[in-house]
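Presented below is the structure to which this report refers.
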Amino acid sequence: MKIKFIIFFVSFYLVALLATLPATALLRFIPQNTGLQIAGVSGSAWQGEAALLSYNKKLNLQRVSWDVDWFALAALQIKLNVKFNNGQNAMSGKGFVKLGLSGLAIENVLLDLSAQELLSYADLPIPVEASGDITLVIKEASQGEPYCDTLDGFFVWKNAGINSDLGKIDLTTMNINLSCDKGNAVAILQQESEQLSSNINILLQQGGAYRLVGTVKGSNKLSPDINQALSFLGPKDASGATVVRFNGRL
């Protein structure tokens, strides 16, 4: 009976301590040299805000807020309801982040941004412009070996288009389904327009090794320069589609 009372008292004390702990105190627990910078922190540890969260001075999230789910603490989990908004017509997102004995997990994540904004994070060898809007939804995902234990989500690129020195490509809509196979991350890409159709499977394995297999087929409405470039990706099958097979390492 005394042991139960002690456990209850300690648990109550820790919860009370967390409730009154200022959010700025959490900054002490961020390891150095991680590339993570947080500015404009206010509120408490259980309900706070940050004006800016920056990673390697490249990925910047603005107006970040979080709330702790107290009921999750009873299951020995820390569950945060996280939101951010980079402004009008800019990237925004929300979702739940969970940390427990089994590791890190996320659920009900929704991320919205423009294709051009996403392209700004990529280091491409040639200048490329992108149009359209992107939505990423992660219903649930949990940490595992080498990457995931569970992964259920999808990526939609609406009004998709690409413009480069070779010409323009109207992709219409691109859909990517995300899943987990024996700890490896799997992405299945499907896209079809009057100019181009694509069906590609991507498998990310341990150590950053990836395998990409699929087909890409251009129509006579696609730029001749781009159609010619597709022929360098691989051989053609009976339908005239280019068979793509790549193995590499990130």
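When you check L61 against the structure, is it surrounded by 12 or more Cβ atoms within 10 Å (Cβ to Cβ) and at pLDDT below 75, yes or no? It would help to see each step written out before you state the result.
Values: surrounded by 12 or more Cβ atoms within 10 Å (Cβ to Cβ): yes; at pLDDT below 75: no.
So L61 does not fit the description; no.
Restricting D123, D165, D181, D170 to residues that are within 24 Å of K217 (Cβ to Cβ), out of contact with any strand residue (DSSP E or B) (no Cβ under 6 Å at 6 or more places or on another chain) and not aliphatic (A, V, I, L, M) narrows the list to D165.
I need every pair where a residue in the stretch 58-84 that is in contact (Cβ under 8 Å) with a residue 40 or more places away in the chain has its Cβ under 8 Å from the Cβ of a residue that is surrounded by fewer than 16 Cβ atoms within 10 Å (Cβ to Cβ) and assigned to a loop (DSSP other than H, G, I, E, B), sequence separation at least 6 or different chains. Qualifying pairs under 8 Å: K58/Y121; L59/Y121.
The values are calculated or read from the model by the stated rules, or taken from the named source; none is laboratory data. These figures come from a predicted structure and were not determined experimentally. Every residue, glycine among them, receives a Cβ derived from its backbone with ideal geometry; neighbour counts consider all protein chains shown.
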